[in-house]
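Below is one structure, written out as structure tokens; the observations come after it.
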Amino acid sequence: MLLMLTCLWPGLVPAQRTADIDPSYRSPDKNLAPVRFEGEILYYVRGVSSHPADERALTINKRIRKAATHIRIPPDSIRIIPETERMAIYAGNDFIMNVYPVDAEAEGVSLSLMSDIIRLKLITVFKNYHLERSPEMIKNSIWRAVAAAVVTILSLLLFNWLMRRMKTRVRTRINNKAEIIQKISFKLIQPEQLIGALRSWYNWFRYIIIVLIILVGISFILSLFPWTKGASVYILEMFMDPLRQAGRGFLGYLPKLFFLIVIIILTRFVLNVLRLFFNGLQNGAIVINNFYPDWAMPAFQIIRFMVIILSVVMAFPYIPFSDTGAFQGISVFVGLLLSLGSSSFISNIIAGYSMTFRRAFMKGDRIKINDTIGTVETQSLMVTRLRSVKNEEIVIPNSVLINSTVMNFTKKSKAPGIILHTTVGIGYDTPWRQVEAMLKMAADRTEGLLKDPPPFVLQRALGDFAITYEINVYCTDTSRILYFYSKLHENILDVFNEYDVQIMTPNYVLDPSAPKVVSKENWKMPPTGEAQSQPLNPSNE
């Protein structure tokens, strides 16, 4: 309150004259700011009342520079004048600054001690200011600058010579070990590739060291002269501050890094235990009721995915830069891309797991999906691959598979076997007992079909013009289903021709003038093997 009255009361002219604020400086309000002189930080000041700390620091720096240029002000003329709740520091008659209790609290010392520290700092600054600008010191700095330039140039020449020697030796060693490198890497790494990679690293290392040598030399030369000392400090801070901040950041990140390492170790341990457990389920060493061995690996993959996701969620806050807006924005963007572009991908994976746990088929089963028949070769999370009877590879997405009817010929083929069936339409003028006997005879003649259980005939429909009979025969060899159907149809045709029974399938309009059967003497018509030679062109006889 006293400070505000001092600054605002119009009658108190000395207080206005010694205010710490220069209206020409405006900067964002910060709590603490350094007072610099020729690039060196002297001390820190805090913002007071409505005046930002940066504004105070710039104003004080301006007054110190103005006082230092006055040769008439000796260094020991700096004095401290106690005032109400503050200490005023003067250089001769020139006001430098006020020291407030908040400035002392920032350093953890008393107000008087803080004032003495600032006074000693200013005495040192004024002494060095005039000493560094003396003719003797300038002359000495020039000689030192020349020597530093020579050392910098020699260092660059020596470094380039050493790098050339090292490059030649490395190239020679690689060429001498070319056969060993190719043998160890199974010819995946060629000497030319290794030399190219090392050349890239060599160039980067060389350029970085050259830049560092030049910067160190220039910074040292600039630090020798008072007019360029600030630039020297700026160059060093420009390159050292990122390294210093990186080192502090790494040290501060060590506890989080340790937590990440613990999470990774625990996750790997849990996954190894789960892998052993599910391997036991798959191999039959561990038995769980109503849990099939072929479910083991798919179940392990699901639990493994859940464990990894849980570990990532736990570790996410400890990942470097995870709390920054850029990292979070990229995470949201990647998640959006995955959600928009992976709908079919996710649906195929879910369908793959669903088909596995449904146990609709297994590898090696012959199945029918819609109009496609084939043997299951592989069943992955995304697709199922079939091998057709034509030896074609058929790839079916699992999302299509889960919405289709799957017919498995292999699953029930062992006992008593699957039933092959086909239908024929026979007229009402043929006794049904005769038809059943002929169909069973045709089934009995077909090799590869089972005799026990015996085949049986069903009368499926009484149509307008014919009766639909279905012959059913048991079979255990599902790999030859199409072959058995073909042979069964051949034998049905032969038997019905033998007994002069006409097959009315697929349609019947009226009774033909002659039965639609093949006479026995014409069963072996050309090109079946018993053809009689006939002239190609009978008109020439």
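The values are calculated or read from the model by the stated rules, or taken from the named source; none is laboratory data. From a predicted model like this one, the values you see are computed outputs, not experimental measurements. Quick reminder, even Gly has a Cβ in these numbers, built from the backbone with ideal geometry, and neighbours come from all protein chains shown.
Under the condition of being under 21 Å from Arg433 (Cα atoms) and in contact (Cβ under 8 Å) with a residue 60 or more places away in the chain, the residues counted in the stretch 450-495 number 3.
Given the options Leu243, Leu251, Leu281, name the one that is in contact with a Pro (Cβ under 9 Å, 6 or more places away or on another chain), not assigned by TED's automatic domain parsing to the domain that holds Leu154 and not charged (D, E, K, R).
Leu281
Just to verify a result, which residue in the stretch 356-371, among those that are in contact with a Ser or Thr (Cβ under 7 Å, 6 or more places away or on another chain) and over 22 Å from Tyr292 (Cα atoms), is surrounded by the fewest Cβ atoms within 10 Å (Cβ to Cβ)? For the stretch 356-371, the residue satisfying everything is Asn370. The set of residues from the stretch 284-335 being in a loop (DSSP other than H, G, I, E, B), in contact (Cβ under 8 Å) with a residue 60 or more places away in the chain and in contact with a helix residue (DSSP H, G or I) (Cβ under 7 Å, 6 or more places away or on another chain) comprises just one member, Pro320. Among residues of the stretch 267-325 being among the hydroxyl-bearing types (Ser, Thr, Tyr) and closer than 28 Å to Leu257 by Cβ, the one that is surrounded by the fewest Cβ atoms within 10 Å (Cβ to Cβ) is Thr324.
When the stretch 450-462 is limited to residues that are assigned to a loop (DSSP other than H, G, I, E, B) and surrounded by 13 or more Cβ atoms within 10 Å (Cβ to Cβ), the one that is modelled with the lowest pLDDT turns out to be Leu450.
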